[in-house]
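The values are calculated or read from the model by the stated rules, or taken from the named source; none is laboratory data. Not measured: the values here are computed from a predicted model. Backbone-built Cβ (ideal geometry, glycine too); neighbour counts: all protein chains shown.
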Amino acid sequence: MNQTTMMQAIDWAYDRALEGLPGAETAEELGADYRAKNGTQLEAAESLVRWQVAKSSASGAVTGLGGLATMPIAIPAAFASSLYVQLRMIAAIAHLGGYDVRADQTRTLAYLCLCGDAAKDIAKGVGVQIGRKLTEGAIKRISGEALKKINQKVGFRLLTKFGEKGLVNLGKAIPIVGALVGAAFDGSATYAVGHVAISTFLGE
């Protein structure tokens with residue numbers, strides 16, 4: 001796996017989050033569902049994150065995810081599952097915040113959230129401030145060049161992150177699902193990613 005392959009995997013996961021997979025709600029449907037069941041946007045987002053963290057176990061991530069056959073590149077199943085579930089959570093939170101989840105700027109900010117605590121530094125490096133809710137006008141002013149730089153930095157960051165966990169070298173070890181899921185889909189990481197998304201898209 002290299003940086004280009006990483007971005008292809010992220011693009012695939014985000015597209016699936018928006019379009020849906022068999023037996024799973026789209027990100028927009030998920031966000032609307034949680035909004036209907038909770039009093040405020042923040043309560044809905046917090047409830048969503050708690051549920052995604054609870055799901056981050058061996059039984060929930062890989063085995064419950066259909067549609068992996070559509071992945072255009074060969075990557076570990078647990079990694080694909082992790083990207084999909086986390087990006088669907090992030091996009092659902094963006095939808096709760098009133099953002100157009102199909103806009104390039106929102107997509108890039110969603111990718112940035114995958115970096116967890118490193119997201120602010122990456123954004124600051126290209127002149128974008130996150131940690132407070134960005135207005136529609138501010139979102140639209142993020143240039144194509146800035147989006148490209150953020151995507152590159154996200155790809156490198158995630159490649160390094162998952163490389164440290166040994167996932168990028170597992171290749172054909174996909175049948176060893178238990179070990180893969182334990183390494184790839186960590187509850188604490190999901191919690192961190194979810195709260196970066198809340199900070200970015202809800203300003204809380």
Residue count, the range 103-135 (criterion: loosely packed, with under 14 Cβ neighbours inside 10 Å and either free of Cβ contacts under 8 Å to residues at least 24 places away in the same chain or not in a helix (DSSP H, G or I) (or both)):
7
The residue from 126, 193, 168 that alone is touching a Cys at 6+ places or on another chain (Cβ under 8 Å), aliphatic (A, V, I, L, M) and either at pLDDT 75 or above or closer than 21 Å to residue 9 by Cα (or both) is 193
Return the residue satisfying two criteria in turn: it lies in the range 146-165 and is at pLDDT 65 or above and small (Gly, Ala, Ser), and of such residues it is surrounded by the fewest Cβ atoms within 10 Å (Cβ to Cβ).
146
I'd like the full set of residues that are assigned to a helix (DSSP H, G or I) and out of contact with any helix residue (DSSP H, G or I) (no Cβ under 7 Å at 6 or more places or on another chain), limited to the range 9-31.
11, 12, 15, 19, 29
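Residue-wise test of (1) at pLDDT below 95; (2) farther than 16 Å from residue 198 by Cβ; (3) of a type in the set (Val, Ile, Thr); (4) touching an Asp or Glu at 6+ places or on another chain (Cβ under 7 Å).
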| site | (1), (2), (3), (4) |
| --- | --- |
| 62 | yes, yes, yes, no |
| 73 | yes, yes, yes, no |
| 80 | yes, yes, no, no |
| 92 | no, no, no, no |
| 105 | yes, yes, no, no |
Pairs with Cβ under 8 Å, 6+ apart, first in the range 144-155 and assigned to a helix (DSSP H, G or I), second acidic (Asp, Glu)
144/104; 147/104
If I ask for residues that are over 14 Å from the mean Cα position of the chain (by Cα) and in contact (Cβ under 8 Å) with a residue 60 or more places away in the chain, which ones from the range 5-24 would you list?
5, 21, 24
